[in-house]
1. Arrange the peptides 270-279, 152-161 so that the one whose residues have, on average, the most other Cβ atoms within 10 Å appears first.
2. Sorted by average packing, counted as other Cβ atoms within 10 angstrom per residue and highest first, what order do 35-41, 104-110 take?
3. For a 26 Å ceiling on Cα separation, which of these pairs sit above it: 170/197; 35/273; 35/176; 35/170; 150/170?
4. Taking only Cα atoms, what is the 0 to 90° angle, nearest 10, from helix 273-287's long axis to the longest principal axis of the chain?
5. Give me the angle, in degrees from 0 to 90, between the Cα long axis of helix 227-242 and the longest principal axis of the Cα atoms of the chain, rounded to the nearest 10.
6. Rounded, prolate or oblate: which fits segment 216-268, taking a ≥ b ≥ c as square roots of the Cα gyration tensor eigenvalues, rounded meaning a/c under 1.5, else prolate when a/b beats b/c?
7. What is the ratio of the Cα radius of gyration of segment 3-301 to 2.2 N^0.38 Å, with N the residue count, to two decimals?
8. Rounded, prolate or oblate: which one fits segment 1-79, using the alpha carbon gyration tensor with axes a ≥ b ≥ c (rounded when a/c is under 1.5, else prolate when a/b beats b/c, else oblate)?
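Bear in mind these aren't lab numbers, they're just calculated from the coordinates by the rules spelled out. Since this is a predicted model, take the numbers as computed values, not measurements. Here the Cβ positions follow ideal geometry from the backbone for every residue, glycine too, while neighbour counts run over all protein chains shown.
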Amino acid sequence: MDLTLFTQLVISGILLGGIYALASIGLTLIFGVMKIVNFAHGEFLMLGMYLSFWLHHYFHMDPYLSILVVIPVFFLIGIVVYRLIIAPTLGAPILTQIFVTVGLSIVIENLALLLWSADFRTITLAYLKAPLILGPFPHLGIEEIIVDIKRLIAFVIGLSISVIFYLVLKYSYTGKVIRATSQDRSTALLMGINIGKVYMLTFGIGIVLVGIAGALMIPIYTVHPFVGFEFVLIMFVVVVLGGLGSIPGAVIAGLFIGVVEIFSSFLIGPSSKQAIYFLVFIAVLVIRPSGLFGIKGEEELEHIEAIG
């Protein structure tokens with residue numbers, strides 16, 4: 001493999017991984033604060049893709065501009081789902097929470113199938129058709145590098161939102177309240193923090209993040225009622241690989257999985273990509289069960305520190 005092809009594959013993998021990272025941050029945030037594994041996360045991604053598609057179809061709204069609509073709509077959806085479905089399960093056995101989120105994913109999937117059928121839909125934008133050509137770089141021994149504009153825009157927006165969200169979580173008062181709740185719920189309650197409101201806010205933000213990821217993905221992928229299941233497996237791999245509750249871990253693991261997927265698709269075949277990154281996933285967990293950025297023994301401590 002020459003250096004040009006290698007560089008091309010790495011860049012493509014990083015651009016793909018940036019989208020995975022943004023979609024996974026919401027999932028890891030919800031788990032890190034609420035200790036709930038949201039199995040319906042992929043279906044919310046699907047809804048984000050559909051919302052962006054229909055805004056473009058009926059109102060000719062650019063999918064990237066539709067993010068401004070996705071944010072309030074999905075925050076409201078997150079609040080409603082939390083109040084009606086998630087909140088009653090808090091404190092219940094973990095199996096109850098699992099069955100509730102799995103049931104929610106089935107309901108959303110079949111509702112989408114009923115409303116929009118199983119047709120595959122996507123958005124084609126004229127200004128995204130021509131690729132960006134970089135190079136050549138003769139001093140590096142690299143010829144022209146072709147970059148997909150759609151993936152580049154999604155990567156830049158997704159990574160920017162991820163960084164902004166991390167900074168807000170790290171330095172703002174609201175972010176400190178969320179991290180305090182994540183680290184020690186009992187002490188946060190004693191300090192006067194309204195745990196219920198923090199949970200509701202956290203769930204709403206998590207749904208907003210995956211909704212934005214859906215809007216960024218619609219120019220790249222086709223949307224159909226079952227597309228969420230295809231991506232939720234990747235998101236779970238990213239979250240566990242990066243360390244449950246770790247936002248930086250989710251970003252790095254997302255980029256890593258994107259590169260692994262591109263290389264495995266090129267070297268072995270597209271049908272092998274899931275098998276390959278699951279093998280990598282298993283290998284990493286055998287070596288480090290808490291993930292790349294998880295805390296050793298955190299399952300005994302019942303405590304997620306890496307979110308901060």
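1. Working: 270-279: 14.4, 152-161: 19.0.
Taking the mean over residues of other Cβ atoms within 10 Å, the ranking is 152-161, 270-279.
2. Details: 35-41: 22.4, 104-110: 16.6.
Order by mean packing, descending: 35-41, 104-110.
3. Working: 170/197 19 Å; 35/273 29 Å; 35/176 18 Å; 35/170 19 Å; 150/170 30 Å.
Over 26 Å apart, Cα to Cα: 35/273; 150/170.
4. 50
5. It is inclined by approximately 80 degrees.
6. Details: a/c = 1.98, a/b = 1.24, b/c = 1.60.
The shape class here is oblate.
7. Details: Rg = 19.5 Å, N = 299, 2.2 N^0.38 = 19.2 Å.
Normalised Cα radius of gyration, segment 3-301: 1.02.
8. Working: a/c = 3.15, a/b = 1.32, b/c = 2.39.
Because a/c hits 1.5 or more and a/b fails to exceed b/c, segment 1-79 counts as oblate.
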